[in-house]
Structure formats: structure tokens, C-alpha cells
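Inspection log for the structure reproduced underneath, given as C-alpha cells.
The values are calculated or read from the model by the stated rules, or taken from the named source; none is laboratory data. Just so it is clear, the model here is predicted, and its values are computed rather than measured. Reconstructed Cβ throughout: ideal geometry from the backbone, glycine too, with neighbour counts over all protein chains shown.
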Amino acid sequence: MDISDLDGCLAAASAGELGTWLTEFLLHGANPNPALAEELALGPDRLFLDPVPVPLDRVRRTTGPDAGDLLAVDPDLWEAKVAMLATAVQSGWNPQPLLVMSLTPDTMLVRDGNYRLEALRRAGRGVHHVIFLFPDGDGAGDLVGPADLGRST
């Protein structure tokens, strides 16, 4: 199972194996997130939606060097990782989808992919695939459809 880019994720989703892809990516990707993998694996109510393209201006990062970020990262580390990823995107890499929780159609919080989000923005991308996560099963009924996500604000 290819966890290195968006194509691998889309292939897994098409084969009905997105849950397995998510687990592999979160546990064994370049920047593992085992806490989120564990959170998604708990209970029968876990829920996620297949990847859909979303305007990046609707996605809010939660990690970074800025005062408003929920989790602070050393600015030098942030800059080095984002620059490396942005260069890869400019060279043709299509990153894995961002994993987000949706508060409203216009506010999506990154649960995994803060570096990828900033790299995509710096590389000039305006849209990228996201996977909506609902670790406790709540909120999926409140999510608007993909057509609503593409409307301008």
C-alpha cells in the first residue's frame, strides 16, 4: 500500500481500504501521528469520509510558529520543513490529503498535515484533497456536501 502521496490514498479509497491507508499513513508515514491513529481506531463509531478537493483558504492550521497556532513549533524547524515540502510540491509531488475536522463549511481545522498545508500554499496551490475526520462519530450529519465546499465566501 502506497502511503507516499495522494495517488496512493485515492487508490486505497477506491478499493475500499481508506481505513487501512489512514492507519498505515499515521503510523508509518514520514511524520507519524500515532496519537491520531489511536484516536481513529477506538470504538465502532469512528468515521471519516473519502478524500474530496477543498479550497485551501477554508482550512485553518493548528500547528505552526505563529502566536495564534494551537501547538507552537520552533520557527526554524517550521521553516525548514515547509520549505523542503514546498520544493517537493513544485517538483511534482502531490502530497497526501490533509486530515481535517470541520466546524463549519468555512472552517476546517487540520488534525494532520499542517506542514503540507503551508507547503501547498507556498507552492501556489489553491485546492487540495482533504479527509474529514469524525473520531467520535459526531458531526457527520452536519457536514455539507462537496458542492457547498467549493462555493466562494
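Only one of the numbered conditions (1) of a type in the set (A, V, I, L, M, F, W, C); (2) closer than 18 Å to Asn31 by Cα; (3) surrounded by fewer than 22 Cβ atoms within 10 Å (Cβ to Cβ) is violated by Leu49, and that is (2). Scanning the stretch 84-119 for residues that are among the small types (Gly, Ala, Ser) and touching a strand residue (DSSP E or B) at 6+ places or on another chain (Cβ under 8 Å) returns Ser102, Gly113.
The rows are residues; the columns are (1) under 18 Å from Gly124 (Cα atoms); (2) touching a residue at least 60 places away in the same chain (Cβ under 8 Å); (3) in contact with a Pro (Cβ under 9 Å, 6 or more places away or on another chain).
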residue	(1), (2), (3)
Met1	no, no, no
Leu36	no, yes, yes
Pro65	no, no, yes
Leu77	no, no, yes
Met84	yes, no, no
Pro95	yes, yes, no
Val100	no, no, no
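How about the stretch 30-46: which of its residues are surrounded by 15 or more Cβ atoms within 10 Å (Cβ to Cβ) and either under 15 Å from the mean Cα position of the chain (by Cα) or at pLDDT 85 or above (or both)? Asn33, Leu36, Ala37, Leu40, listed by residue number.
Is there a residue being hydrophobic (A, V, I, L, M, F, W, C) and over 12 Å from the mean Cα position of the chain (by Cα) anywhere in the stretch 104-116? Taking every residue of the stretch 104-116 in turn, none turns out to be hydrophobic (A, V, I, L, M, F, W, C) and over 12 Å from the mean Cα position of the chain (by Cα).
Yes or no: the stretch 101-111 includes at least one residue that is more than 21 Å from Leu10 (Cα to Cα), surrounded by 14 or more Cβ atoms within 10 Å (Cβ to Cβ), at pLDDT below 90 and not acidic (Asp, Glu). The answer is yes, given that some residue of the stretch 101-111 is more than 21 Å from Leu10 (Cα to Cα), surrounded by 14 or more Cβ atoms within 10 Å (Cβ to Cβ), at pLDDT below 90 and not acidic (Asp, Glu). Residues of the stretch 71-103 that are farther than 26 Å from Trp21 by Cα and either β-branched (Val, Ile, Thr) or touching a Cys at 6+ places or on another chain (Cβ under 8 Å) (or both): Val73 alone.
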